[in-house]
Amino acid sequence: MSKADTHRTDAGRQFGPLLCLQELSKAYPGVQACDQISMSIDHSAIHALLGENGAGKSTLVKMIYGLVRPDSGSMSFNGSAFAPAQPRTARAAGVAMVFQHFSLFEALTVSENILLSLDDAQMAGIAERIRGVAESYHLLLEPGRMVGDLSAGERQRVEIVRCLMQNPKLLIMDEPTSVLTPQEVDSLFGTLRRLAGEGTSILYISHKLEEIRELCADATILRQGKVVDSCDPRECSAEQLAEMMVGTSIGRAGSKQKMRDRILLRVAGLSLENSAPFGVNLSDINFDLHAGEILGIAGIAGNGQDELQGALSGELPVSSGQCQLHGEDVITHSSSRRRKLGLLTAPEQRLGHAASPDMSLTENTLLSGTLRMKLAPRGIVDWKHTRRFATDIIEGFDVRTSGTQAAARSLSGGNLQKFLIGREILQKPEVLVVNQPTWGVDANAAAAVRRALIQLADAGSGILVISQDLDELLEISDRIAVLSAGRLSRSLPTSETSRTEIGLLMAESQDATS
Amino acid sequence: MLRLEPRAQPSTLMQATAPLLAIVATIIGGGILFLILGKNPFESIRIIFWDPLFNEALVSYTRPQLLVKAAPLVMIALGLSFGFRAGIWNIGAEGQFVMGALAGSAVGLALHPMQGIWILPLMLVSGIAGGFVWAMIPALLRVYFRTNEILVSLMLVYVSYKILTAMVTGPLRSPIGYNFPESRSFHDNPSMHNSELIAGTGIHWGIVITGLLVILCYYVMRRHLFGYHVNLMGQSNKVARFAGVRINLVIVVCLGITGALAGLAGILEASGPAGKLSPHFPVGYGFTAIIVAFLGRLHPIGIVLAGLLMALTYIGGELAQFMLDAPAAAIQVFQGMLLFFLVAADVLVNYRVRIGTPGRPTSGAREVTAGSSS
């Protein structure tokens, strides 16, 4: 905040900041993505925007690029008011953006792709213009090649050249190095420094701390939609940055000391090969889960969280390893049989995985409750009994809905999550595996879900909570391990660990994956 | 400007009224079609939709025919509805219908001139088996080799036509038929003949069995866990897998049910109303049943109503052919229009029509998903 303030006073000078944001806010249903964000970016600066997933980085830059309209607040660009209604307006003003996931047509050539994005499209001489821009920034690029044949680094160069053709004053780069090799990263940094040297400002979004320390002179740190700090990353250690990123307040960790001896679930040498696009392989996962214990699995999404949940629930076939429930290996059991034995799961994706969107809550109760609640004796559904169970969930977990006949998709994220967690908890699981229990859920519902999980553990069940939200894990879990690139670290007792330690582990693991 | 706005919840009212809207639109569209053909549109519509039911001079023929034509349509559509609910697209019920007729007929003809009350039931069981086996080809190819069941089942229709022709010009050709490419008439042997049970009503065993199947299917859909699993798969395989549904098993069973019922309809048709096998035996019931299934909302009761309506267009179409000299293709256009308008009207189940431009920034949130996510 202090930095933003000084810049505001600078605005009267001849060389004020290029972009100035004042109290920008944006809310989505159930989540305040950006909360009164104020910051500024100087001319010719490489400015880092740092934060964990879900901190509001993407929403913020989408507002600057005109993809999302802020609910409140104002922006000024180059000294004049700036409120782009669409990306075209932002581009015209001099803002360009390179997305994390490339937006290129693989079946078209480099020239054609670039031509498509130019507002003043002219086929004649485009190849020469591309060569000119590419050479002046030492970006090797052949305009006639098919994009489908290019490597990730080359594709990114296409995106960058495409932006540079518009002579931007501000270039936004969203996680640009996540798909690059170290050599490509070096060459990208060279280009960015040259651009900054020639007067283009760069807003650089990342959660890779070393990179930011190397490249950026300013940094704004976001956490849960708010600006929590700003600094010069060159003068901070990676530990300090990590601490700012994940926060420093001390949670309730360590208040519970109830390690019990009885092992409910023992996973040993679990490996899984995922052939799906963007799938992650799990390799040699080992952990024990005790009765009455909450084991937290931290880590950034896309590191094997969904695969771990699928392997434990029986939805994904594993290639090797054991999963012992009460000493019985269930790894070859179907998901129904595991459920019968008391191993229940609550997947991350609510609609389309944990719940059937168009079906009523009653029908969704049947989805996972058939066996343990005996809702369909001898295959014949007892709808009356099922409806009663649905009503129990709705009442027991304060689900706000018009009734048991409401379609699952008509519920808000928080209410649906309370329903889905309640559905599993009321089945009295021996072991409950929950993936991202409070993702996209409002604060009240999130607190209710966490409370319910703690109660379940206190009643003697073992709970595995897979979550990106470190605050959440520090609050509710007894032990924490980090899942990164499909590998699980050893677990640390929550009371003996610090955010900094885990935050660093998470950031490191992210570097290891890319 | 007209605009479609997603509903929070599918409208049950629209689910019921969409087929009616489609029928009204078809009648209007059909009227225009006849106008272009130079016929009086009102008279044409009356001949197709009214005369078969209420014209005193015709009803003694048309009313029984309505049941005779509706029964196979409903029977096949009931089978199809399981697969369609689960998202398994068996387009080849026509082929399973033909193979059921062939298998059942072959058993019956092989036993001729034997007599016995058990012969017709045996033929029906063989018919079921014939259709079932034919449907297992796309089912097993899909499960083991991930082929597309739409293509495989559709292509097998044309294979079945060829087999039918080969059979009626070869092993199954009638020895007393002057070398015509057709089988012996089932009417020749009372043990093989699926005859009219009550004279003048058109009611044969197929209609009785169809009635029982409607009740059974309704029960399975509504009360049995299998019906629930089928519906879950229709929502998404991911949900179904989470619920513990054995997806490949459901695929095989759904295709098997369709094949079995189509095969049963085939042998009932061959041994009853058709009376014999010939290359002209298939009249497209297997394809029309697809329209019946969707028009009936994949619901057993709806399918009965839709089957009767389709039977009406068949009979009305025949009347229009000889009373108005309308082209035979006109009725297929009619049936096609019905499905087309139904699909269009179905949009209203999940969306409502709004007039005017979007007011508030709900569109902003959509742009996020349309743009690049990070």
- Query: How many residues does the stretch B:196-218 contain that are more than 17 Å from B:Ala260 (Cβ to Cβ) and within 14 Å of chain A (Cβ to nearest Cβ)?
  - Reply: 1
- Task: Can you work out which of the residues in the stretch A:461-491 that are more than 22 Å from A:Gly302 (Cα to Cα) and touching a strand residue (DSSP E or B) at 6+ places or on another chain (Cβ under 9 Å) is surrounded by the most Cβ atoms within 10 Å (Cβ to Cβ)?
- Result: A:Gly462
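Filter the helices (runs of 4 or more DSSP H) completely within the stretch B:1-107 down to those with at least 3 residues that are more than 25 Å from B:Gln332 (Cβ to Cβ) and in contact with a helix residue (DSSP H, G or I) (Cβ under 9 Å, 6 or more places away or on another chain).
Numbers: elements: B:12-36, B:41-45, B:51-54, B:59-86.
The helices (runs of 4 or more DSSP H) meeting that bar are B:12-36, B:59-86.
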- Report whether or not A:Ile480 is within 18 Å of A:Thr345 (Cβ to Cβ) and β-branched (Val, Ile, Thr). no
- Say whether the condition of being within 15 Å of B:Pro19 (Cα to Cα) and open to solvent by 50 Å² or more (accessible area, probe 1.4 Å) is met by at least one residue in the stretch B:308-331. yes
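I'd like the residue in the stretch A:50-106 that is among the acidic types (Asp, Glu) and surrounded by fewer than 18 Cβ atoms within 10 Å (Cβ to Cβ) and, out of all such residues, is nearest to A:Leu470 (Cα to Cα).
From the stretch A:50-106, those among the acidic types (Asp, Glu) are A:52, A:71, A:106; that's our starting set.
Narrowing further to those that are surrounded by fewer than 18 Cβ atoms within 10 Å (Cβ to Cβ): A:71, A:106.
Details: A:Asp71: 28, A:Glu106: 38 Å.
The selected residue is A:Asp71.
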- Note on the structure: Those residues of the stretch A:275-300 that are open to solvent by 10 Å² or more (accessible area, probe 1.4 Å) and farther than 11 Å from A:Ala485 by Cα come to a total of 9
- Message: Condition check: closer than 22 Å to A:Thr200 by Cβ and of a type in the set (Lys, Arg). Does A:Arg91 satisfy that?
- Response: yes
- Query: Counting only residues that are in contact with a Phe, Trp or Tyr (Cβ under 8 Å, 6 or more places away or on another chain) and part of a helix (DSSP H, G or I), which one in the stretch B:291-305 is most open to solvent (accessible area, probe 1.4 Å)?
  - Reply: B:Ile301
- What are the residue pairs meeting all of these: first residue in the stretch A:213-229, first residue in contact (Cβ under 8 Å) with a residue 60 or more places away in the chain and within 14 Å of A:Glu243 (Cβ to Cβ), second residue open to solvent by 50 Å² or more (accessible area, probe 1.4 Å) and of a type outside the set (A, V, I, L, M, F, W, C), Cβ atoms under 8 Å, and 6 or more apart or on different chains? A:Ile221/A:Asp229
- Note on the structure: Among (1) farther than 19 Å from A:Ala446 by Cβ; (2) open to solvent by less than 20 Å² (accessible area, probe 1.4 Å); (3) within 12 Å of another protein chain (Cβ to nearest Cβ); (4) within 29 Å of the chain's Cα centre (by Cα), A:Ser410 falls short only on (2)
- Message: Taking the criterion of being acidic (Asp, Glu) and within 23 Å of B:Ser236 (Cβ to Cβ), would at least one residue in the stretch A:287-303 satisfy it?
- Response: no
- Query: Which residues, taken from the stretch B:123-154, are without any contact (Cβ under 8 Å) to a residue 24 or more places away in the chain and either over 20 Å from B:Asn248 (Cα atoms) or in a helix (DSSP H, G or I) (or both)?
  - Reply: B:Val125, B:Ile137, B:Leu141, B:Tyr144, B:Phe145, B:Leu151
- the stretch A:301-315 - residue that is at pLDDT 90 or above and assigned to a loop (DSSP other than H, G, I, E, B) and, of those, surrounded by the fewest Cβ atoms within 10 Å (Cβ to Cβ): A:Glu315
- Can B:Leu140 be described as surrounded by 15 or more Cβ atoms within 10 Å (Cβ to Cβ), more than 20 Å from B:Pro279 (Cα to Cα) and modelled with pLDDT of 95 or more? yes
- Which numbered condition B:Arg223 misses (of (1) within 14 Å of another protein chain (Cβ to nearest Cβ); (2) buried (at least 17 other Cβ atoms within 10 Å of the Cβ)): (2)
- Note on the structure: All conditions in (1) in contact with a helix residue (DSSP H, G or I) (Cβ under 6 Å, 6 or more places away or on another chain); (2) within 12 Å of chain B (Cβ to nearest Cβ); (3) in contact (Cβ under 8 Å) with a residue 24 or more places away in the chain; (4) open to solvent by 10 Å² or more (accessible area, probe 1.4 Å) are true of A:Ala354 except (4)
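Could you please let me know if B:Leu172 is open to solvent by 10 Å² or more (accessible area, probe 1.4 Å) and part of a helix (DSSP H, G or I)?
Values: open to solvent by 10 Å² or more (accessible area, probe 1.4 Å): yes; part of a helix (DSSP H, G or I): no.
For B:Leu172, the condition - open to solvent by 10 Å² or more (accessible area, probe 1.4 Å) and part of a helix (DSSP H, G or I) - is not met.
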- Query: What are the pairs, 6+ residues apart or on separate chains, where a residue within the stretch A:54-76 that is touching a residue at least 12 places away in the same chain (Cβ under 8 Å) has its Cβ under 7 Å from a residue that is among the hydroxyl-bearing types (Ser, Thr, Tyr)?
  - Reply: A:Ser58/B:Ser374; A:Gly66/A:Thr89; A:Val68/A:Thr59; A:Pro70/A:Ser25; A:Asp71/A:Ser25; A:Ser72/A:Ser25; A:Gly73/A:Ser25
- Filter the stretch A:220-243 for residues that are under 23 Å from A:Ala27 (Cα atoms) and not in a strand (DSSP E or B); which is least open to solvent (accessible area, probe 1.4 Å)? A:Gly225
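Suppose the filter is touching a His at 6+ places or on another chain (Cβ under 7 Å), open to solvent by 20 Å² or more (accessible area, probe 1.4 Å) and of a type in the set (A, V, I, L, M, F, W, C); does A:Ile331 pass it? Step through it out loud before you land on a result.
Values: touching a His at 6+ places or on another chain (Cβ under 7 Å): no; open to solvent by 20 Å² or more (accessible area, probe 1.4 Å): yes; of a type in the set (A, V, I, L, M, F, W, C): yes.
Taking the combined requirement at face value, the residue does not satisfy it.
Being within 14 Å of chain A (Cβ to nearest Cβ), in contact with a helix residue (DSSP H, G or I) (Cβ under 8 Å, 6 or more places away or on another chain) and open to solvent by 30 Å² or more (accessible area, probe 1.4 Å) is the filter; apply it to the stretch B:226-257 and report the residue that is farthest from A:Leu351 (Cα to Cα).
Of everything passing the filter in the stretch B:226-257, B:Val253 is farthest from A:Leu351 (Cα to Cα).
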- Query: If the Cβ limit is 8 Å and pairs must be 6+ apart or interchain, which residue in the stretch A:134-150 that is assigned by TED's automatic domain parsing to the domain that holds A:Val110 pairs with which residue that is open to solvent by less than 80 Å² (accessible area, probe 1.4 Å) and part of a strand (DSSP E or B)?
  - Reply: A:Pro143/A:Thr109; A:Gly144/A:Thr109; A:Arg145/A:Thr109; A:Met146/A:Thr109; A:Val147/A:Thr109
- Task: Please go through the stretch A:336-351 and pick out each residue that is surrounded by 21 or more Cβ atoms within 10 Å (Cβ to Cβ) and in a helix (DSSP H, G or I).
- Result: A:Arg338, A:Arg339
- Message: Please go through the stretch A:437-460 and give me each residue that is open to solvent by 10 Å² or more (accessible area, probe 1.4 Å) and not hydrophobic (A, V, I, L, M, F, W, C), ordered by number.
- Response: A:Thr438, A:Gly440, A:Asp442, A:Asn444, A:Arg450, A:Arg451, A:Gln455, A:Asp458, A:Gly460
- Item | Scope the stretch A:371-383; condition without any contact (Cβ under 8 Å) to a residue 12 or more places away in the chain and at the interface with chain B (Cβ under 7 Å from one of its Cβ atoms); matching residues | A:Ala376, A:Gly379, A:Ile380
- Message: Just the residues that are in a helix (DSSP H, G or I) and at pLDDT 90 or above, please, taken from the stretch A:393-410.
- Response: A:Ile393, A:Ile394, A:Glu395, A:Gly396, A:Ala408
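The values are calculated or read from the model by the stated rules, or taken from the named source; none is laboratory data. In this text, all values refer to a predicted model and were calculated from it rather than measured experimentally. Neighbour counts run over all protein chains shown; Cβ positions are idealised from the backbone, glycine included. Just so you know, the surface numbers come from the protein's heavy atoms only, side chains and all, with ligands and any DNA or RNA stripped out. Shrake-Rupley method; radii C 1.70, N 1.55, O 1.52, S 1.80 Å.
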